[in-house]
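The values are calculated or read from the model by the stated rules, or taken from the named source; none is laboratory data. Note that the coordinates shown come from a computational prediction; the quantities given were computed from them, not determined experimentally. Here the Cβ positions follow ideal geometry from the backbone for every residue, glycine too, while neighbour counts run over all protein chains shown. What goes into the accessible areas is simple: the full protein's heavy atoms, side chains included, and nothing from ligands, DNA or RNA. Shrake-Rupley method; radii C 1.70, N 1.55, O 1.52, S 1.80 Å.
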Amino acid sequence: MSTLKQKKAICGTIIIVLVSILCACNSFNNSQTGTIEEAQQQFINEVQYMTEKEALANEINYFKEPQMTVYRKVRDLTGKDAIHECNLLEKENAEKESALRNGQVSVIRTWNCYQEKQYAVDHPDDIIGAEYYFEGIFTHYNNGYDTRKAKVLCINGKWFVIQRY
């Protein structure tokens, strides 16, 4: 009788350990890939022209909260996918820096994705990120509204909001 109780206790302990491991793995993966809610907040923070407080401070009475019109998770990113995305960002950085040196632009914004790319090289077949796409209508200062679009990447927990549209 006592061996049956011992077997049940051992099985119960094994089940608890397995569930704990699975939960830990799932939460780790979410921290690497982010959630659609986190991606949407990154998008809004990056592309909005003004916040409600800024509108109030500037006496802009036509302010509306951002209205999301398109929001979706496009895909999970493996290490190989992340390497490709980082290479695209690095190529764009080089083009922007060249334009700055040639006097074609006076201000540029570049992305630092070195650590994310190195992590991807070490984990080529693992899911280490996600790609999201958003469109939304935002209030701007010229008495109106504008649609903003962006691809949002989360690679190993770091966010990149890319507006090429």
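In segment 32-42, the condition of being open to solvent by 80 Å² or more (accessible area, probe 1.4 Å) and at pLDDT below 95 is met by no residue. One residue stands out in segment 55-84 among those that are more than 25 Å from the chain's Cα centre (by Cα) and surrounded by 13 or more Cβ atoms within 10 Å (Cβ to Cβ): the one that is farthest from Ala130 (Cα to Cα), namely Ile60.
The rows are residues; the columns are (1) closer than 21 Å to Thr35 by Cα; (2) surrounded by 14 or more Cβ atoms within 10 Å (Cβ to Cβ).
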site: Leu89; (1), (2): no, yes
site: Ala99; (1), (2): no, no
site: Ala120; (1), (2): yes, yes
site: Ile127; (1), (2): yes, yes
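When Leu88 is tested against (1) under 23 Å from Leu153 (Cβ atoms); (2) touching a His at 6+ places or on another chain (Cβ under 8 Å); (3) among the hydrophobic types (A, V, I, L, M, F, W, C), just one condition goes unmet, and that condition is (2). Out of the residues in segment 73-96 meeting the condition of being in a helix (DSSP H, G or I) and among the polar types (S, T, N, Q), tell me which one is modelled with the highest pLDDT. Once the filter is applied, the top-ranked residue is Asn87.
When Ala99 is tested against (1) in contact with a Leu (Cβ under 9 Å, 6 or more places away or on another chain); (2) assigned to a helix (DSSP H, G or I); (3) at pLDDT below 95, only condition (1) is not met.
Only a single item in (1) free of Cβ contacts under 8 Å to residues at least 40 places away in the same chain; (2) under 15 Å from Gln163 (Cβ atoms); (3) among the small types (Gly, Ala, Ser) is not met by Ala39, and it is number (1). Each residue in segment 115-135 was checked for being farther than 18 Å from Ala82 by Cβ and out of contact with any Ser or Thr (no Cβ under 6 Å at 6 or more places or on another chain), and 1 pass. Per the conditions (1) closer than 23 Å to Ile36 by Cα; (2) outside any helix (DSSP H, G or I), the sole criterion not satisfied by Asn142 is (1). Residues considered: Asn93, Asn102, Asn112, Asn87. Of these, the only one that is of a type outside the set (A, V, I, L, M), free of Cβ contacts under 8 Å to residues at least 40 places away in the same chain and touching a Ser or Thr at 6+ places or on another chain (Cβ under 8 Å) is Asn93. Test Val107 against the criterion of being among the β-branched types (Val, Ile, Thr) and either open to solvent by less than 70 Å² (accessible area, probe 1.4 Å) or assigned to a helix (DSSP H, G or I) (or both), and give yes or no. No, not satisfied. Answer yes if at least one residue in segment 120-128 is part of a strand (DSSP E or B) and under 15 Å from the mean Cα position of the chain (by Cα), and no otherwise. Among the residues of segment 120-128, at least one is part of a strand (DSSP E or B) and under 15 Å from the mean Cα position of the chain (by Cα), which makes the answer yes.
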